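To start, I am sharing the structure in question, which I have written as structure tokens.
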Amino acid sequence: MPDSPPRLLRAWLDSLSSGIVEFDRNWAENAAPSLTLKAGGEGRGQVEYSAIGLPDRTILDLTPSPDLAAGRAFGYFVPAPDQVAFVFPLEHGCEIDPARDLVYVAGDFNGWQGAVGQPEWLLTPAELDGERVLMWAGPAKKVNWPAPQRFKFVTGDNLWLVLPDNAPNVAIDNGNRNRLLDPARTGRHLWRFMLGTPIDLAEPWSVAAGQAPDAPRVPLVPGRFFHELKTDLPLGALVDKKTTVFRLFAPRARRVTLFLCEDLGKQETAQTVPLTRRADTSGASGVWEAAIGRRLHGWFYWYTIDGVREGPGRFDPEAPVLDPYAMAAVERRGPGIVLDRAWIGRGDGDFRTPAWHDLVIAEAHVRDLAANAPVPADPLQRRGFTGLRQWVESSEFYLHHLGVNCVELQPVQEFDCLAPEEYHWGYMTNNFFAPASAYALDPASASGVRELQALVKAFHGRGIAVVLDVVFNHVGVPAHLLYIDGLYYFEHDAAGRLANWSGCGNDLRASAAMATRLIIDSCRHLIEAYGVDGFRFDLAELLGVEVLRQVEAALKKLKPDVILIAEPWSFRGHIAGALRDTGWASWNDGYRDFLREYVRGGGAADRLEYCLRGSPWYFAKWPAQTVNYTESHDDRTWLDTITENGGNDGFAPTANDRRRTHLMAAILFMSFGVPMIAEGQDFLRSKHGMNNSYQRGDLNALDYRRLYRYLGTHAYFADWIAFRRGEHGRLLRHFSRPGEGFFQFFRSSKAEPLAALYNADHSHGMVRLLFAVNPTTEDATIPLGTAVAASGPWLQFADHERFYDGRQGSIGLVPVEADLLVPMLSCGLWVGFSEG
């Protein structure tokens, strides 16, 4: 039997009047394939257009796809039988700057890592179909063509570039995602069609190969151009003295209806107002609006949105939709609350945000801090912003006495807890502008706005900056943006399924123009309305470097000293290296993992050197670009991770657990970078070994009685923080990286112990610091030499148990000698006052 003809796999638009169809293998016949395009469905009637035989010739032309389409989708094309070309597009959302970055093709054919730095595998600037790309073109035999080969693109800095979620030629090997160079798909499996009139995105379109009525069809979905649609108009509910304008971006909607009520108890009889789609000269405007001739401040509102009801990105006309620009919400499902921006006002603007290199951060959760706080708050207040504000304003406030100057609050934007009393970490966001209704005393009156403003101001009054943990990589339930336009706002794979590198099932397409704007507008609002000092972006790898660059540029125009921290990974990859040339700092997971092992005798001194230097080279280009930490809300607490007790239960720590915690604190605060601790880490917080406590408010709430039980450890952390932020701590706080001579390191005969001399070259004055640590269970001697020992006088400021008051002349017990004794599980800090 003859081979069956190629099977149609996908079809997508590359403009409103042209598109691409993909077959499962090359089209071998001389004649072009026959296609049928259909619009309609759902009882609206069927309209069919064919490539041949129809007078209006709606499909004007069908030609082999240009090389750019194959290069963009597959990463390669075959310009001739004996040639292969690899393509990396330089398009919207691209993280590569060709003026700065070198990009290589690496794969089975050239040893993968061995291709980096080799000129013969370097991609060079080129142009395909009028667009800029990076391209490598050469003989097919160089890549063992036509045998199937895996490949990927990598930078000269050894950053492996992430494959797009919708890449159709993914090969997964041992969890690694690579592209496949397939001899059966050379570019001849793609065809481009042209249309006589622009397509209406509100209709369900499909394509079939051939003209049989029962021919299998594939959905025709909008492509890259669609995600560049945008508007600069203000969005949301816009209130002035006499009118309220409601404006929503919904580019594929067929109908948008606004629901309004003044009484929350009368939602069933809410007024309905149809929104009108604004005209646009391109025919592709996605903005819908309605103007009401009165001031509706304090009213409640929501939308329903109708459109295509089949295939990827289908609409649900029954789902109530919370406006993504709503400034307050009653709960996760809505409704939104109409607020006059003049009523919201501005947050605290008198606080001066500390310089990044001066920061000492504590990660904390609103309810964890407030639940057991020794203040006269009632249970409702303790659930949210007001109870925490009362604790912050108390003379006994824990973080104030600890000495940190920055708090990183876990998410406080509207999230998807099922009821206000339910404990929730907040990493499932439903609205990016509204303060969490579960933390507000009276959500229906938008009280959370004033309460969050007051909380930020209270922290500022304590000299503590406020960084908000924000989640823009996915959304909570209900996924309101999915109902507005699932194709526009969310990533999909080649089969049309929602991407899931967040682990939450709906990865935001952050590079879509209006998704990027939504992120930026949200952050601007949080700065302006609440006075926050910065942000920590959850799973920032999913947003991409280019989006993070745009966020940085926009926010620094508003607040030049804004603090920007990325969690630089996801289940897909890690971008800390790619952020080196940006103004973003990153959580340093390598530092975290190393220190957990080092204090248990499982790490080498050379790696500790790297950490003390501030993780230079790959991770941090400048000192404060690394946020050093050993515990966060994720996973087990520090103590439960390192404890000698069985079951990872550190609730009753051993003596060695405590000493190892002190070693960790000493190393953390002696490392270049931004130190971050987790709430309660300074008083040996334990969750009895639980690995994921996101729903366990009982375990997470701080037990302040434990602070007094382990007061010595709390005081040890507080003394290190005071030293770090004090006069001599300036040698640890650097805006730019000092010269190589700043550090001098000394090692013992064992692999783990280390001594570090800071300001060894006197480049930062005549004061020097000497820090020594021994994580082993045997005493160690570290040879310093007579030159160091005699260059004093040296005053010991701290050991593994306490700080000494060196300013008053009292010293520790261990002198600085040519052969420095460092007892088992101990450390020491000395300050030297050299005269030259």
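The values are calculated or read from the model by the stated rules, or taken from the named source; none is laboratory data. Note that the structure is predicted; figures quoted are calculated from it, not measured. Virtual Cβ from ideal backbone geometry, glycine too; neighbours counted across all protein chains shown. Heads up: the accessible areas ignore ligands, DNA and RNA and are worked out on the full protein's heavy atoms, side chains in. Shrake-Rupley method; radii C 1.70, N 1.55, O 1.52, S 1.80 Å.
Provide the per-residue ³J(HN,Hα) series for region 293-301, in order, calculated from phi with Karplus coefficients 6.51, -1.76, 1.60 and θ = phi - 60°, each as a whole number of Hz, with x at glycine and proline positions.
For region 293-301, the Karplus-derived couplings read x, 6, 7, 10, 3, x, 6, 10, 8 Hz, x marking Gly and Pro.
Next question. Can you pull the accessible area of Tyr618 for me, 1.4 Å probe, Å² to the nearest 10?
Counting only protein heavy atoms, the figure is 100 Å².
Output the Kirkwood hydrodynamic radius of region 412-547, Cα pairs only, in Å rounded to one decimal.
It works out to 15.7 Å.
To the nearest 10 square angstrom, what accessible area does Val404 show with a 1.4 Å probe?
10
When only the heavy atoms of the protein chains count and the probe is 1.4 Å, how do Asp698, Asp350, Asp442, Asp493 rank by accessible area, highest first?
Ranked list, largest accessible area first: Asp350, Asp698, Asp442, Asp493.
Between Asp561 and His574, with labels modelled 7 Å along Cα→Cβ, what's the label distance in nm to one decimal, could you check?
Reported label-point gap for Asp561 and His574 is 3.3 nm.
Also, I was wondering about something else. Would you work out which of Gly647, Ile667, Tyr710 lies farthest towards the positive end of the dipole of region 647-748? Charges go on Cβ: Lys and Arg +1, Asp and Glu -1.
Among Gly647, Ile667, Tyr710, the one farthest towards the positive end of the dipole of region 647-748 is Ile667.
Could you tell me which residue out of Ser763, Leu258, Pro335 lies farthest along the dipole of the chain toward its positive end? Charges go on the beta carbon: Lys and Arg +1, Asp and Glu -1, centred on the Cα centre.
So the residue we want is Leu258.
Quick one: with all protein chains in place, what share of the accessible area of region 638-734 is carbon or sulfur, to the nearest percent (1.4 Å probe)? Kindly include the intermediate steps, with their values, before the conclusion.
Working: 1540 of 3200 Å².
That share works out to 48 percent.
List, in the order given, every pair from Lys152/Lys557; Lys559/Lys687; Lys557/Lys621; Lys559/Lys621; Lys230/Lys266; Lys457/Lys687 whose Cα-Cα distance in the structure shown is over 27 Å. Show your work: numbers first, answer last.
On the way: Lys152/Lys557 36 Å; Lys559/Lys687 38 Å; Lys557/Lys621 23 Å; Lys559/Lys621 22 Å; Lys230/Lys266 35 Å; Lys457/Lys687 31 Å.
In this structure, Lys152/Lys557; Lys559/Lys687; Lys230/Lys266; Lys457/Lys687 exceed 27 Å between Cα atoms.
Expected output is a single nm value to one decimal: the length gained when fully extending between Arg709 and Glu609, i.e. 0.36 nm times separation in residues minus the C-alpha distance. What is it?
32.6 nm
On C-alpha positions alone, give me the angle between the axis of helix 513-530 and the longest principal axis of the chain, in degrees, nearest 10.
Long axis of 513-530 versus the principal axis of the chain: about 40 degrees.
How far apart, in nanometres, would the label points at Glu29 and Glu310 be if each is projected 7 angstrom from Cα along the Cα-to-Cβ direction?
Reported label-point gap for Glu29 and Glu310 is 2.6 nm.
As a test question: what accessible area, to the nearest 10 Å², does Ser17 have when a 1.4 Å probe is rolled over all protein chains in place?
Approximately 40 Å² of Ser17 is accessible to the 1.4 Å probe.
Relative contact order for region 83-206: what percent, with Cα pairs under 8 Å and sequence separation of 6 or more?
With pairs under 8 Å counted, the relative contact order is 24 percent.
Using a 1.4 angstrom probe on the protein heavy atoms only, could you order Glu541, Glu491, Glu396 from most to least accessible area? Show your work: numbers first, answer last.
On the way: Glu541 5, Glu491 35, Glu396 105 Å².
Ranking Glu541, Glu491, Glu396 by accessible area, largest first, yields Glu396, Glu491, Glu541.
Would you please give the FRET efficiency between Thr777 and Arg696, computed as 1/(1 + (r/R0)^6) with r the Cβ-Cβ distance and R0 = 41 Å, to the nearest 0.05? Display every interim value, and only then the final one.
Numbers: r = 34 Å, r/R0 = 0.83.
Here the calculated transfer efficiency is 0.75.
Report relative contact order for the chain in percent, whole number only (criteria: Cα-Cα under 8 Å, sequence separation at least 6). Working shown, then result.
Details: 1882 pairs, mean separation 71.7, N = 836.
It comes to 9 percent, rounded to a whole number.
Counting only heavy atoms of protein chains, what accessible area per residue, in Å², does the chain have with a probe of 1.4 Å?
I get 38 Å² per residue for the chain.
Test of understanding: what is the full-extension gain from Arg352 to Ser394, defined as 0.36 nm times their sequence separation minus their Cα-Cα distance?
13.0 nm
While we're looking at this one, here's another question. Quote to one decimal, in nm, the extra length available between Gln211 and Val477 on full extension: 0.36 nm per residue of separation minus the C-alpha distance between them.
Numbers: separation 266, 0.36 × 266 = 95.76 nm, distance 4.17 nm.
Computed gain between Gln211 and Val477 is 91.6 nm.
Work out from phi, with θ = phi - 60° and the Karplus expression 6.51 cos²θ - 1.76 cosθ + 1.60, the ³J(HN,Hα) of each residue of region 414-422, listed in order in whole Hz, and give x for Gly and Pro.
Each residue's phi maps through the Karplus curve to give 3, 10, 9, 5, 6, 8, x, 7, 5 Hz.
Also, I was wondering about something else. Taking region 406-456, which GluC sites (Glu not before Pro) meet the DSSP loop condition and have no more than 15 other C-beta atoms within 10 Å?
Passing sites in region 406-456 are Glu421, Glu422.
Separate question: The list (1) 108, 32, 29; (2) 53, 37, 21; (3) 67, 33, 23 gives values of semi-axes √(5λ) of the Cα gyration tensor in Å, and only one came from this structure; which label was calculated from it?
Read-out taken from this structure: (2).
Here's a follow-up. Can you pull out the GluC sites (Glu not before Pro) in region 596-655 whose DSSP state is coil and whose Cβ has at most 12 other Cβ atoms within 10 Å?
When the GluC sites (Glu not before Pro) of region 596-655 are filtered for loop state and at most 12 Cβ neighbours within 10 Å, Glu644 remain.
Another question, if that's okay. Using a Förster distance of 56 Å, how high is the FRET efficiency between Ala342 and Ile172, based on the Cβ-Cβ distance and rounded to 0.05?
Step by step, r from the Cβ atoms, then E = 0.55.
Points 7 angstrom from Cα along the Cβ direction at His764 and Ala291: gap in nanometres?
Taking the two extended label points, one gets 6.0 nm.
Okay, moving on. Could you tally the net charge around Cys94, taking each other residue with its Cβ under 12 Å from the Cβ of Cys94, Lys/Arg +1 and Asp/Glu -1?
For residues surrounding Cys94, the net value is -2.
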